[in-house]
Amino acid sequence: MFTLAANWVLRCARVIADAIPINTATMTLVNIILGAPMAALSWRGVVETHRLGAIRVDVVRHPSVVDPESTIMHIHGGGFVFGSTRSHRFLAMQISRSCEAEVVLFDYRLLPKVTARQCLDDCLAVYRWVIHRRNNTRVVVSGDSAGGNLLVSLMAELSDHPDLPLPAAAVGMSAWLDTSYRPPRGAPRDAFFSTRFADRAARLAVRSEDLCPLERALVEFPPTLLQLGADEPVRPGNERLAELLAQVGVYVEVHAWRDQPHVFQALAPFSPEARAALDQMHAFIAEAQSDPTDPRRA
């Protein structure tokens, strides 16, 4: 019953996304509408708010997590045009609970006010902050949807910053990696992902190449887990990333979950598949943390 209701809600959201104009006013309204209930659902959690210049940074911890095993920096999704620490707080809380971790959320600047390069600059600034503040915990970076795109760009960017270690692991949740991909006519349609919205959002980038992490040199990468729904239009991009990483010797796992919508992990704790995916994430992180062979990993 929950799955049917959730799919109905997600399909309604997709229909709205197909039609809604993308501008500062409408995306601010979307953030308000999404942020209030998601923050309310997380009222029992522990949230510490910091300021990194103009960037809001929230350190989120589920009340059951007393001694975090790791620090997970999560890059929220939203097509580069919406999303916030409030809209993704509930997902962060579920990640914290399942992975026994503290989760760092932050409000990177969004298109069209800034360029995609500036979005990445914010991610790099927060990563540097996370590395410097960690307390004997391993650092992991995760990202959902457009946040998964920024995750891959950030990992590629770290090769230009030898002073910064790689994270212990990277986790993509329905990472939107190929912004130019259009599913063929008759292909299965994801319940939530709006290709029309995604196409319009991607066109806001000043330089389209800034949204193409698969075209960057992917040399130094931590062990990487990629989770997605089997019928998502983001699947080809994730499979291509896995191929590129395998070619340079990076350990990578791709898990395509049947009958699951875009960023289905956000449905935890209501969905057994979402809970299982986050448990899988925890196990992957634990295994990656137990491997001390790479001296550059945090």
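Brief remarks follow.
- Checking each residue in the range 85-129 for being within 14 Å of the chain's Cα centre (by Cα), under 21 Å from Met27 (Cβ atoms), of a type outside the set (A, V, I, L, M) and not in a strand (DSSP E or B) picks out Thr85, Ser87, His88, Arg89, Phe90, Asp107, Tyr108, Cys119, Cys123.
- Any hit, the range 213-224, residues being assigned to a strand (DSSP E or B) and under 30 Å from Leu164 (Cβ atoms): yes
- Within this structure, Glu220 fails the test of being among the acidic types (Asp, Glu), surrounded by 15 or more Cβ atoms within 10 Å (Cβ to Cβ), in contact (Cβ under 8 Å) with a residue 40 or more places away in the chain and under 22 Å from Ala92 (Cβ atoms).
- Checked against (1) modelled with pLDDT of 95 or more; (2) under 23 Å from Ala202 (Cβ atoms); (3) in a loop (DSSP other than H, G, I, E, B), Pro21 passes all but a single condition, namely (1).
- Some residue of the range 160-180 being in a helix (DSSP H, G or I), modelled with pLDDT of 95 or more and within 14 Å of the chain's Cα centre (by Cα): no
- Considering only residues in the range 188-208 that are of a type in the set (Gly, Ala, Ser) and farther than 13 Å from Val234 by Cβ, the one that is surrounded by the fewest Cβ atoms within 10 Å (Cβ to Cβ) turns out to be Ser208.
- Qualifying residue in the range 66-77 (condition: surrounded by 13 or more Cβ atoms within 10 Å (Cβ to Cβ) and out of contact with any strand residue (DSSP E or B) (no Cβ under 7 Å at 6 or more places or on another chain)): no
- Hits in the range 38-84 (condition: more than 18 Å from the chain's Cα centre (by Cα) and part of a strand (DSSP E or B)): Val46, Val47, Glu48, Thr49, His50, Arg51, Leu52
- For His50, the conditions (1) open to solvent by 50 Å² or more (accessible area, probe 1.4 Å); (2) in contact with a strand residue (DSSP E or B) (Cβ under 9 Å, 6 or more places away or on another chain); (3) under 24 Å from Arg200 (Cα atoms) all hold with the exception of (3).
- With respect to (1) surrounded by fewer than 22 Cβ atoms within 10 Å (Cβ to Cβ); (2) in contact with a Ser or Thr (Cβ under 6 Å, 6 or more places away or on another chain); (3) β-branched (Val, Ile, Thr), the lone exception for Val114 is condition (2).
- Of all residues in the range 232-243 being over 24 Å from Gln94 (Cα atoms) and touching a residue at least 40 places away in the same chain (Cβ under 8 Å), the one that is most open to solvent (accessible area, probe 1.4 Å): Arg240
- Within the range 130-159, the set of residues being outside any helix (DSSP H, G or I) and at pLDDT below 95 comprises Arg134, Asn135, Asn136, Thr137, Arg138.
- Filtered residues of the range 244-275 (kept if closer than 14 Å to Ile95 by Cβ, part of a helix (DSSP H, G or I) and not basic (Lys, Arg)): Phe264, Gln265, Ala266, Leu267, Ala274
The values are calculated or read from the model by the stated rules, or taken from the named source; none is laboratory data. If you're wondering where the values come from, they're calculated on a predicted model, not measured in any experiment. Note: ideal-geometry Cβ built from the backbone for every residue, glycine included; neighbour counts use all protein chains shown. Heavy atoms of the whole protein, side chains included, go into the accessibility calculation; ligands, DNA and RNA do not. Shrake-Rupley method; radii C 1.70, N 1.55, O 1.52, S 1.80 Å.
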